[in-house]
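The values are calculated or read from the model by the stated rules, or taken from the named source; none is laboratory data. What you are looking at is a predicted structure, and each value in this text was computed from that prediction instead of being measured. Using ideal geometry, Cβ is built from the backbone for each residue, glycine included, and neighbour counts are taken over all protein chains shown. These accessible areas exclude ligands, DNA and RNA; they are computed on the full protein's heavy atoms, side chains included. Shrake-Rupley method; radii C 1.70, N 1.55, O 1.52, S 1.80 Å.
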Amino acid sequence: MIIANQQQVTPAVLEAIARSSDPRFREIMSALVRHLHDFAREVKLTEREFEQAVGYVVSLGQHTTDSHNEAVLMSGSLGFSTLICLLNNGNNGQTETQANMLGPFWRDDQPLSASGDTLVRSPTPGPGLVVHACLEDGNGRPVAGAEIDVWHSSPEGLYENQDPGQAEMNLRGRFISDQTGRIDFRSVKPAGYPIPVDGPVGELVRATRRHNFRPAHLHFMVYKPGFKTLISQVYSPDDEHIDSDVQFGVTRALIGNYVRHDEPSSELGFAAPWYSLDQRFTLEPGEARRPAAPIRGKAPAV
């Protein structure tokens, strides 16, 4: 089609997309083109603004490395990651869900650990934490034999693959639930942390006059055939940024009961204060799928 005016551009693109043999591709791309073209018309996007927008997208790629994913960070900072999660869980967005964002720091080779083990693999000062997690199905029956990946930031707010000073796989582990659906592990209480703001995401955060902090949380991923893979984060309610997460990830269903203990525990080897968390997860029937790791490498030593 030879284009005569701006009104003809959208139908021409939609006609080209309609030639695809994949119906889902046609559905998604047609909607994307309609909304994208309508957006440009609505805001009367200028040529200079278009050039800046393209440069911004390019910058997302340029700031993505083996140890950092700027595109995932941007998706969270726009609330898009949380929206996709909530649309696809909790009866397709109708009810509360324990599902949450994967985040950029999960590794797909976390070491298998025995229940009761510690995640601390190099000196990591901070308050001790013991976690008792329980898995059940929608009828309250225990789910045995599930793989549970756990990972979190240090009390300094850095994940192991961000921090060359931490040992390989520090504050990470993979557990198998027992016949009662339980796992237990020890660690240190994670801290909230700032997201990187030296790239295009930082420009967005500064433009919206927001702080760049995430509240403290533990990550869990539960995998077992026959159940939908549950990716979750359990947030600490005492964090000062619990109600202003820069990644819009905190929902009521994900605020955990982190109990503070002001007497030392000789049994756990914890000085005071230390914390405990009892967390129950309910699995939904569905597809068990392990995602692709957002990053593949560890930050180099400076």
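Residue-wise test of (1) on the phi > 0 side of the Ramachandran plot; (2) open to solvent by 30 Å² or more (accessible area, probe 1.4 Å); (3) over 15 Å from the mean Cα position of the chain (by Cα).
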| residue | (1), (2), (3) |
| --- | --- |
| H68 | no, yes, no |
| L73 | no, no, no |
| N92 | yes, yes, yes |
| T97 | no, no, no |
| M101 | no, no, no |
Revision key, fill the gap. Among (1) more than 22 Å from G157 (Cβ to Cβ); (2) part of a loop (DSSP other than H, G, I, E, B); (3) open to solvent by less than 20 Å² (accessible area, probe 1.4 Å), L268 falls short only on (3)
Practice item. Identify, by number, the condition in (1) in contact (Cβ under 8 Å) with a residue 12 or more places away in the chain; (2) open to solvent by less than 40 Å² (accessible area, probe 1.4 Å); (3) farther than 20 Å from I183 by Cβ; (4) not in a loop (DSSP other than H, G, I, E, B) that G202 doesn't meet. Key: (1)
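May I ask you to list the residues in the range 75-90 that are open to solvent by 50 Å² or more (accessible area, probe 1.4 Å) and among the hydrophobic types (A, V, I, L, M, F, W, C)? Give the derivation first.
Kept after step one, since they are open to solvent by 50 Å² or more (accessible area, probe 1.4 Å), are these residues of the range 75-90: 78, 80, 83-84, 86-88.
Across the range 75-90, the qualifying residues are L78, F80, L83, I84, L86, L87.
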Practice item. Would you mind telling me which numbered condition in (1) surrounded by fewer than 17 Cβ atoms within 10 Å (Cβ to Cβ); (2) at pLDDT 95 or above G192 fails? Key: (1)
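Take A144 and tell me if it is within 29 Å of E287 (Cα to Cα), surrounded by fewer than 19 Cβ atoms within 10 Å (Cβ to Cβ) and among the hydrophobic types (A, V, I, L, M, F, W, C). Working first, answer last.
On the way: within 29 Å of E287 (Cα to Cα): yes; surrounded by fewer than 19 Cβ atoms within 10 Å (Cβ to Cβ): yes; among the hydrophobic types (A, V, I, L, M, F, W, C): yes.
Spelling it out, A144 is indeed within 29 Å of E287 (Cα to Cα), surrounded by fewer than 19 Cβ atoms within 10 Å (Cβ to Cβ) and among the hydrophobic types (A, V, I, L, M, F, W, C).
Please specify each residue of the range 90-131 satisfying the condition of being among the β-branched types (V, I, T), out of contact with any Phe, Trp or Tyr (no Cβ under 6 Å at 6 or more places or on another chain) and touching a residue at least 60 places away in the same chain (Cβ under 8 Å).
Going residue by residue through the range 90-131, those that are among the β-branched types (V, I, T) are 95, 97, 118, 120, 124, 130-131.
Narrowing further to those that are out of contact with any Phe, Trp or Tyr (no Cβ under 6 Å at 6 or more places or on another chain): 95, 97, 118, 120, 124, 130.
Passing the criteria: T97, T118, V120, T124, V130.
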Exercise for review: Looking only at the range 16-43, count how many residues are part of a helix (DSSP H, G or I), more than 22 Å from V54 (Cβ to Cβ) and open to solvent by 90 Å² or more (accessible area, probe 1.4 Å).
Suggested key: 3
Exercise for review: State the number of residues belonging to the range 263-288 that are over 26 Å from the mean Cα position of the chain (by Cα) and either of a type in the set (D, E, K, R) or over 18 Å from P237 (Cα atoms) (or both).
Suggested key: 10
Practice item. Could you give me the residue pairs with C-beta distances under 8 Å whose first residue belongs to the range 15-43 and is closer than 20 Å to I3 by Cα, whose second residue is modelled with pLDDT under 95 wherever it lies, and which are 6+ apart or on separate chains? Key: E15/M1
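For D278, state whether it is farther than 22 Å from N92 by Cα and part of a loop (DSSP other than H, G, I, E, B).
When the stated conditions are applied, D278 does not pass them.
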Check your understanding: Inside the range 223-242, can you point out the residues that are surrounded by fewer than 20 Cβ atoms within 10 Å (Cβ to Cβ) and farther than 26 Å from R290 by Cβ?
Key -> P237, D238, E240, H241, I242
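Residues are listed down the side, and each one gets a yes or a no for (1) surrounded by 20 or more Cβ atoms within 10 Å (Cβ to Cβ); (2) of a type in the set (D, E); (3) within 25 Å of L78 (Cα to Cα); (4) free of Cβ contacts under 8 Å to residues at least 24 places away in the same chain:
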residue	(1), (2), (3), (4)
L171	yes, no, no, no
S177	yes, no, no, no
I183	yes, no, no, no
H211	no, no, yes, no
P215	yes, no, yes, no
S244	no, no, yes, no
F248	no, no, yes, no
Practice item. Please work out which one of (1) open to solvent by 20 Å² or more (accessible area, probe 1.4 Å); (2) assigned to a loop (DSSP other than H, G, I, E, B) is the condition A293 fails and give its number. Key: (1)
Exercise for review: Could you please let me know if F220 is within 19 Å of the chain's Cα centre (by Cα), among the aromatic types (F, W, Y) and buried (at least 22 other Cβ atoms within 10 Å of the Cβ)?
Suggested key: yes
Study note, to complete from the structure: Residue hits (the range 209-254; under 15 Å from E284 (Cα atoms), assigned to a strand (DSSP E or B) and not aromatic (F, W, Y)) are M221, V222, L230, I231, S232
